[in-house]
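Comments concern the structure below.
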Amino acid sequence: MKPYLSIEKLTQRFPDGAGSDLTVFENASFGVEKGEFVVILGHSGCGKSTIMNILAGLADPTSGVVVMDGKEVKGPSLDRGVVFQNYSLLPWLTTLKNVTFGVKARYPDWSKAKVEEHATKFLAMVGLEGDVIHRKPSQLSGGMRQRVSIARAFANHPKLLLLDEPFGALDALTRGTIQDELLKIWGQMEQTVFMITHDIDEAILLADRILLMTNGPQARVAESVEITIPRPRKRTEIVEHPNYYAIRNHLVQFLGKRSKELAGQLTNDGETNRPEYVRIDKTEAPDDPEDKQPALRAVNS
Amino acid sequence: MPILSLNIRAALLSVVMLVVGLLIWEAAIPGQKAVAELTEYEILTGAGSAKAGVPPPSAVIAKAWEQLSNPFYDAGPNDKGIGIQIGYSIYRVLTGYFLAALVAIPFGFLIGMSQVAYKAFNPFIQVLRPISPLAWMPLALFIIGDSEASAIFVIFICSIWPMLINTAFGVAGVREDWVNVARTHELGPIKTAFTVILPAAAPTIVTGMRISIGIAWLVIVAAEMLVGGTGIGYYVWNEWNNLDLTSVVFSILMIGVVGMLLDSAFGLLQRRVTYVE
Ligand SMILES: Nc1ncnc2c1ncn2[C@@H]1O[C@H](COP(=O)(O)OP(=O)(O)OP(=O)(O)O)[C@@H](O)[C@H]1O
Ligand SMILES: [Mg+2]
């Protein structure tokens with residue numbers, strides 16, 4: 001059975017400016033289940049945004065396919081909402097108009113009042129209310145712009161949300177609020193989320209699974225780490241969960257050391273380069289006789 | 001004493017320069033003042049040509065008062081009010097200009113959207129653009145025949161290039177991020193053109209329109225001197241033939257004022273479409 005979103009043998013090469021080709025990643029293959037929250041971690045320049053552009057349908061890979069819900073991804077679609085790394089707001093429109101721009105495209109037969117009400121609701125959800133929504137993006141702070149961009153994507157209820165470092169420019173407090181909002185929206189609707197971040201704690205708080213990328217060029221998705229902390233998660237409570245530091249240490253080790261060591265290597269898994277599945281669980285499971293194995297284990301799937 | 005604001009200080013300085021300039025001008029031609037007052041009479045008696053000179057500002061102001069208090073009188077082909085003459089010129093400029101905009105903006109849009117078209121049309125544009133618009137006049141008069149239509153054609157051909165080039169340049173330079181926003185929202189090509197590309201390129205397009213209207217107003221004066229009949233350019237030339245230098249100076253000032261008004265209208269439009277990234 002194919003996963004809901006299936007990335008198959010994706011390869012991306014760019015001309016490197018010196019006549020030959022730069023391989024950003026090669027034969028990357030992984031899947032995302034319906035309703036799953038997947039976060040991808042990796043160093044700057046390893047190709048995360050490039051993968052996301054391909055998933056969005058904005059760019060074509062050199063080779064390989066992306067299949068969503070049984071259909072090959074060809075070109076952008078309203079079913080895949082994107083929060084771009086640089087916000088991509090339209091500077092000549094007000095904050096509110098930037099959001100209604102998306103809502104009108106998604107629901108063309110809604111009345112003007114309904115469109116505005118819907119947009120206002122989602123702006124309020126990211127903490128933008130009152131006069132602010134009639135200002136132009138240039139009159140907003142970086143964090144506010146990012147929130148407008150998030151509201152624009154959320155308001156459209158896409159089946160797949162693609163988030164490229166959506167909280168990068170936010171202060172810790174706002175970041176926390178919007179992370180909670182994101183979890184709430186994700187819990188309410190059957191949304192699948194694919195998110196890029198640089199923040200390990202944020203990844204653990206939000207994700208069902210974290211994909212780890214090695215350094216570029218010729219990067220690959222080396223590991224897929226399951227986050228074995230039950231939901232609902234609270235940022236103050238998860239740090240006390242026995243798995244938290246085990247997982248965190250694994251991620252820090254990978255990003256700090258192994259991402260470099262593994263760079264440029266291909267797996268022995270033929271040419272598909274599927275990530276190694278990692279499950280870290282230190283909790284005792286007395287009522288589960290099958291789980292008597294060592295607490296820390298890596299399983300190849 | 002409170003310090004005056006920058007704008008007020010600048011305005012005061014302008015007024016001082018104007019007054020001083022006018023006084024120097026007035027003082028520079030003291031001997032001719034009496035002559036200037038006689039000029040009209042002397043022209044009528046045929047003795048004016050030898051004594052005609054540059055008029056002092058007071059005479060120009062008197063002339064302006066006389067003309068502007070009754071700008072629309074019409075006493076035959078060689079004696080029309082300044083308002084009528086300027087009206088003719090503006091009519092020609094706007095007709096030629098809007099025809100040019102109607103061609104240049106959609107066409108520039110298409111060229112800007114396609115790199116192939118951009119490169120293919122560029123050599124033609126580069127050759128046609130530096131041609132003085134008046135150089136087209138003989139050809140226009142021969143082919144079109146009508147002098148009125150020829151003047152409009154000359155305005156058309158001189159205002160088309162800045163608008164065409166700026167539109168193509170503006171459209172080609174629209175940031176890919178913004179086009180991607182339209183793409184992820186599944187907007188069709190027409191909708192993308194109107195809701196994303198047009199507003200994104202509008203500041204560049206309007207800059208082109210502003211340059212064009214300036215050039216058109218420069219050219220109309222020369223064109224009307226050539227084709228004659230009506231218009232502010234013809235008026236200047238006619239008053240020169242009458243050796244009425246007071247009217248010549250007055251109409252020169254009027255050309256400047258109308259040009260400034262046309263430009264500031266587009267300045268307002270430009271301010272409306274400009275955005276900060
Ligand atoms: N259009 C392009 N042409 C050539 N090279 C490109 C292009 N787009 C991306 N690259 C290269 O591909 C690599 C991956 O870029 P990408 O933007 O995907 O990185 P990233 O993982 O998102 O980094 P960051 O975390 O800094 O956002 C980089 O080395 C970049 O130079
Ligand atoms: Mg990126």
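At a 1.4 Å probe radius, carbon and sulfur cover how many percent of the accessible area of region A:26-71? Kindly include the intermediate steps, with their values, before the conclusion.
Numbers: 680 of 1540 Å².
Taking all protein chains in place, region A:26-71 shows 44 percent carbon and sulfur surface.
Helices assigned as whole DSSP H runs in chain B whose Cα atoms extend at least 15 Å along their own long axis and whose mean Kyte-Doolittle hydropathy is -1.0 or higher are found at B:6-28, B:32-44, B:57-69, B:82-113, B:115-128, B:147-172, B:198-227, B:245-273.
Restricting attention to region A:223-257, which GluC sites (Glu not before Pro) occupy a DSSP loop and are surrounded by at most 15 other Cβ atoms within 10 Å?
Working: sites: A:223, A:226, A:237, A:240; in loops: A:240.
For GluC sites (Glu not before Pro) across region A:223-257 that sit outside H, G, I, E and B with at most 15 neighbouring Cβ atoms in 10 Å, the list reads A:240.
Going highest first, how would you order A:19-26, A:145-152 by mean Cβ packing within 10 Å? Walk me through the numbers on the way to the answer.
Details: A:19-26: 16.2, A:145-152: 26.5.
The densest-packed peptide leads the list: A:145-152, A:19-26.
Result for chain B in a Gaussian network model with C-alpha springs under 10 Å: among B:123, B:71, B:203, the largest mean-square fluctuation is at B:123.
Using a 1.4 Å probe on the protein chains only, how many percent of the accessible area of region A:80-157 belongs to carbon and sulfur? Write out the running numbers ahead of the final one.
On the way: 1540 of 3150 Å².
Of all accessible area on region A:80-157, carbon and sulfur atoms account for 49 percent.
Here the Gaussian network model covers chain A, with springs between Cα atoms less than 10 Å apart; of A:74, A:234, A:121, A:234 fluctuates the most. Under conditions of 25 °C and 0.890 mPa s, chain A yields 120 µm² s⁻¹ as its translational diffusion coefficient, taking Rh as the Kirkwood radius over Cα pairs in the Stokes-Einstein equation. Over all distinct Cα pairs, what is the inverse of the mean 1/r for region B:212-277, reported as the Kirkwood hydrodynamic radius in Å? Kirkwood radius, region B:212-277: 13.2 Å.
Shielding of peptide A:133-143 by partners, expressed as the average count of other chain Cβ atoms within 10 Å per residue Cβ, is 1.
For chain B, rounded, prolate or oblate, judged on the Cα gyration tensor with a ≥ b ≥ c (square roots of eigenvalues), a/c < 1.5 rounded, else prolate if a/b > b/c?
Working: a/c = 3.18, a/b = 1.69, b/c = 1.88.
Here chain B falls in the oblate category.
Relative contact order for chain A: 22 percent, from Cα pairs under 8 Å spaced at least 6 residues apart, divided by residue count.
Using the alpha-carbon centroid of each, what span in Å lies between region B:212-264 and region B:169-203? Centre-to-centre (Cα) distance: 41 Å. When its C-alpha radius of gyration is set against 2.2 N^0.38 Å (N residues), region A:80-157 gives a value of 0.97.
If you count only protein heavy atoms with a 1.4 Å probe, what accessible area per residue comes out for the protein assembly as shown, rounded to a whole Å²? Don't jump to the answer; show the numbers that get you there.
On the way: 29190 Å² over 578 residues.
Computed with neighbouring chains in place, this is 50 Å² per residue.
How high is the relative contact order of region B:63-273? Use alpha-carbon pairs under 8 Å, at least six apart in sequence, and give a whole percent.
Values: 249 pairs, mean separation 53.9, N = 211.
Relative contact order of region B:63-273: 26 percent.
Within the protein assembly as shown, the proportion of Cα pairs with more than 39 Å between them is 51 percent.
Take the accessible area of chain B alone and of chain A alone, subtract that of the pair, and you get about 1700 Å² summed over both chains, using a 1.4 Å probe. Its relative contact order, with pairs defined as Cα atoms under 8 Å and 6+ residues apart, puts region A:80-157 at 50 percent.
Counting every Cα pair in region A:1-148, what percent are over 24 Å apart? Don't jump to the answer; show the numbers that get you there.
On the way: 5157 of 10878 pairs.
It works out to 47 percent of all Cα pairs.
Legend: mean number of C-beta atoms from other chains within 10 angstrom of residue C-beta atoms, peptide B:182-193, equals 5. Secondary-structure-derived ellipticity at 222 nm for the protein assembly as shown, considering helices only, amounts to -17000 deg cm²/dmol, per-run term -39500 (n - 2.57) for DSSP H runs with n ≥ 4. Taken residue by residue and averaged, Cβ atoms of other chains lying within 10 Å of the Cβ of A:89-95 number 5.
What ranking, highest mean first, results for peptides B:13-20, A:34-41 when packing means the other Cβ atoms within 10 Å averaged over each residue? Provide the component values of the computation, followed by the final result.
On the way: B:13-20: 10.1, A:34-41: 20.6.
Ranking, from highest mean packing down: A:34-41, B:13-20.
Projection of the Cα convex hull of region A:171-220, averaged over all directions and equal to a quarter of that hull's surface, yields 4.3 nm². Considering only B:130, B:56, B:162, the mean-square fluctuation computed in a Gaussian network model of chain B, springs between alpha carbons under 10 angstrom, is largest for B:130. Cross-link check: pairs A:159/B:119; A:114/A:159; A:9/A:282; A:34/A:234; A:136/A:260 evaluated at a Cα-Cα cut-off of 32 Å; pairs beyond the cut-off: A:159/B:119; A:9/A:282; A:136/A:260.
The values are calculated or read from the model by the stated rules, or taken from the named source; none is laboratory data. Just so we're clear, the structure is a prediction, and the values are computed from it rather than from any experiment. Counting neighbours? That spans all protein chains shown, and the Cβs are built from the backbone with ideal geometry, glycine included. Quick note on the areas: whole protein, heavy atoms, side chains included, nothing else; ligands and nucleic acids left out. Shrake-Rupley method; radii C 1.70, N 1.55, O 1.52, S 1.80 Å.
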